[in-house]
Amino acid sequence: MLLELLILILLVSAGLWTVMTRSLLRSAMGLALASAILTIVMFRMNANIAGVFELSVCAGLIPVLFISVISLTQPMTFKEASDHMKERLHRFWGLPLIVVVLGVTLALVSFKYKVTPAAIQEGKPDVRFILWHLKQFDLLGQIIILFTGVFGVAILFKERNKRG
Amino acid sequence: MYALLVLVPFFSLLALNLPFRELNRRLAFGFAAILFLLQMGLVFIPDVYFWRVHLSFFANIFHFQLAADILSKVVLFCIGLVSLTALCVSRSLIKESEERFNFINIILLAVAGMNGVALAQDIFSLYVFLEITAVSSFILIAFEKDILGLESSFKYIVLSAVATVLMIAGIAILMFIAGSTNFSVIHSALLSQNRNLLLSLSIGLFLSALFIKAGLMPFHGWLPDAYTAAPAPVSIFLAGIVTKVAGVYCLIRIILSVIGFNDQLKGILLLVGAFSAIFGALSALTQSDFKRMLSYSSISQIGYIILGLGSGTALGVAGATLHIFNHAVFKSLLFVNSAAVESQTGSRDIDKMNGLAKQMPWTSLTSILGSLSCAGIPPLAGFWSKLVIIIALWLAGYKIYAVIAVLGSLLTLAYFLALQRKLFFAQPNDEFKNIKEAGFGLIFPAFFLAALIVGAGILSPWILSNFILGFNSLVGG
């Protein structure tokens, strides 16, 4: 239990650092760190396939892409970064408080109500089976989401190049 | 085969981007227009061959589990109608053919997503198709790449991400309890379980996410900026249908098919609905930007829809659904009018422009019809849906909320009268003396929508009797 709590605190800290840090490069590294910690959570919860995907794609490939794009941009000056940081702290001072309150509430709820999943109670297929074998229709939706994202990026960046 | 409503827009998009792109670019507008017209027509003709087509190749891979009842059909019709309107307006306002082609592509993706939402019978599929709609909306809001559009899109992304987290958490708990993500299985599991805190938490998380997506007060932060900053065809698309499908339709669907009504839920819906109806209207009263006023008006009208739903009766849900249709029509019309005014005067500032009725008579006429329908003046279409909602609230014993709904209507009338007086009927301003009426591309959709408002108003007794019959079986009342 203590280890789980420690991992969760590390995960939230890495997430907050990713959002709050003034450097884009550090932010990308924070994202990789958060994904790596999330991978540990997944392995400990016996979600090995999800863990492998998280480690290879979210902690590996995506940060590499981010870092390579960020390296092409011009960084902010020290004053700009410092003003940006001040504004961000002013805006999001309540964020850690919300995270802690939500975390404690959810933890208390989970202690109070020990619900056994209906799938396990009734010997039905588990969640992984449901997601991979009974929900193929969602795959079509996920393909369209990916396509929409790629299409959107292509439209926005193409125009940028033309104007730049 | 209902899946065609998802597959056809998606594969059309792929086909349009294959070789012969130059030819495809010329055909895209006509193709998309026919597609949207067909969707509007086919939805209410159950016996055509289109619905019996069985694509075994796709069916074997994707195992479609889709269905459409009267609620889905109304929403599918509205999706076709508003998409067609946005498409027509884009022809006049998006001058570059490459940009217009891109706009049509994104609209097709958004339509595939919204059709999926309207047909889904599974809570996870609903979420996946909602995400398609959301991602398309982010791109559409930032379409012109100006600073306001990018900022509004970013704001929507952040709030949408919060909604996604809440929704995923809600789905996870529901799946944990029911062992499935199918609507009917979760509904049975919820009925068999005693209502406990964990269940209430999952439902609360899911509803909060949908309140954000619907732009209800106090979850509305993203909506006025997004509607105002987006290009005119996108504003029409967002205000006319996207918010309704992503927020309001999902809310009604989840309540009818999964959660079911109870006193606490009705209390929350009535409170949020009344708050949005009144404060949305009060905020609209103070706006001087035409589109921003319409944005707050949308929040107020969505509040009305939620009030109807909150009554918890078949009559109330029928009224809410009729108001979804009416709002899609009159709000699209009013956004077309604002686009016409902006394109001719170069401004949206109501305080700056006066007496445009003489120079823009058709825009003025259609905008009066849209405003009066929104304010619930008989015999226009908006009157009937508002009347049904108020009667449903009164009959269900929520008399205070019925009075609040009447008050909201009076406020709506107040801000639209102020708008009409300033914009079209005050002493003409010299600066705008030489402007002309907007072109055919903006006047035709405005006339079409205005005719729908009048036609639906006249045919309302027939529409209502068919609606209420359909909703008795859905609500079980």
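Every read-out reported here was derived from the displayed coordinates using simple, explicitly stated rules and does not represent laboratory data. Note that the coordinates shown come from a computational prediction; the quantities given were computed from them, not determined experimentally. Glycine also receives a Cβ, built like all others from the backbone with ideal geometry; neighbour counts cover every protein chain displayed.
Here are a few things to note about the model shown:
- Hull volume in cubic angstrom per residue (convex hull over the Cα atoms of the protein assembly as shown): 171
- What the Cβ-Cβ distance of B:Asp349 and A:Met76 gives, at R0 = 51 Å and to the nearest 0.05, is a FRET efficiency of 0.90.
- Extension gain (nm, one decimal) between B:Leu14 and B:Val403, 0.36 nm per residue minus Cα-Cα: 134.9 nm
- 15 Å beta-carbon shell around B:Asn466, net charge (K/R +1, D/E -1): 0
- For a paramagnetic label modelled on B:Arg26 (point 7 Å from Cα along Cα→Cβ), amide N atoms under 15 Å away belong, within the stretch B:77-116, to B:97-98.
- Segment A:Arg44-A:Val12, extension gain: residue separation times 0.36 nm, minus the distance between their alpha carbons: 9.8 nm
- Among the trypsin sites (Lys or Arg not before Pro) in the stretch B:35-104, those placed in a DSSP loop whose Cβ has at most 15 other Cβ atoms within 10 Å are B:Lys95.
- Cross-link pairs beyond the 25 Å C-alpha cut-off, checked among B:Lys155/B:Lys266; B:Lys213/B:Lys352; B:Lys331/B:Lys386; B:Lys73/B:Lys399: B:Lys155/B:Lys266; B:Lys213/B:Lys352; B:Lys73/B:Lys399
- Prolate/oblate/rounded call for the stretch B:407-465, Cα gyration tensor, a/c under 1.5 rounded: oblate
- Dipole of the stretch B:349-431 [Lys/Arg +1, Asp/Glu -1 at C-beta], most positive-end residue of B:Ser371, B:Trp394, B:Met360: B:Trp394
- Sites B:Asp146 and B:Ala418 - FRET efficiency at Förster radius 25 Å, r taken between beta-carbons, to 0.05: 0.30
- 10 Å Cβ shell holding at most 11 others, DSSP loop, chymotrypsin sites (Phe, Trp or Tyr not before Pro): longest site-free stretch of chain B: B:45-477
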